[in-house]
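Report on the following structure.
No value in this document is a laboratory result; all are computed from the given coordinates. Every value quoted in this text rests on a predicted model; they were computed, and no experiment measured them. With ideal geometry, Cβ positions are generated from the backbone for all residues, glycine too; neighbour counts draw on all protein chains shown.
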Amino acid sequence: MKLARIRPSKASATAGLVVSGIFSLGGSIATIITLFYFWPAALFLVLWTAIAGYQFYMFLGILTGREGAHFQEIAFSDSSPEPLEQRLRKLDHLREQNLITEEDYLTKKKEILSEI
């Protein structure tokens, strides 16, 4: 069984960074305002801001490529891979449909043939 590390795309990491930044800033402002009027609510807002700040930090790490940023590990089995011939045909079909570039086609073909 193999493990693969997956991380969010740059688009979703950017969206997460913006949203968590807004929540972090809004939480900070709300904490300061609420602290003077109803301090128990301020405790909740401190927690809210801390979580949003942590998420901001993690999304920033994903965008900058910092080691240890949110990666998800998934396990998969390669016990019955597709036959080489079938993989090459599928790759050829993708190229014919213009779904991959010629360069990608040649790179992947070389990779598949190196498994022989």
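Data for the structure
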item	result
Pairs where the first residue, in segment 39-56, is touching a residue at least 24 places away in the same chain (Cβ under 8 Å) and the second is assigned to a helix (DSSP H, G or I) and surrounded by fewer than 17 Cβ atoms within 10 Å (Cβ to Cβ), C-beta under 7 Å, 6+ apart	THR49/SER28; PHE56/GLY21
Total residues in segment 1-32, condition free of Cβ contacts under 8 Å to residues at least 40 places away in the same chain and surrounded by 13 or more Cβ atoms within 10 Å (Cβ to Cβ)	12
Members of segment 96-116 found to be more than 18 Å from PRO83 (Cβ to Cβ), of a type in the set (A, V, I, L, M) and in a helix (DSSP H, G or I), listed by number	LEU106
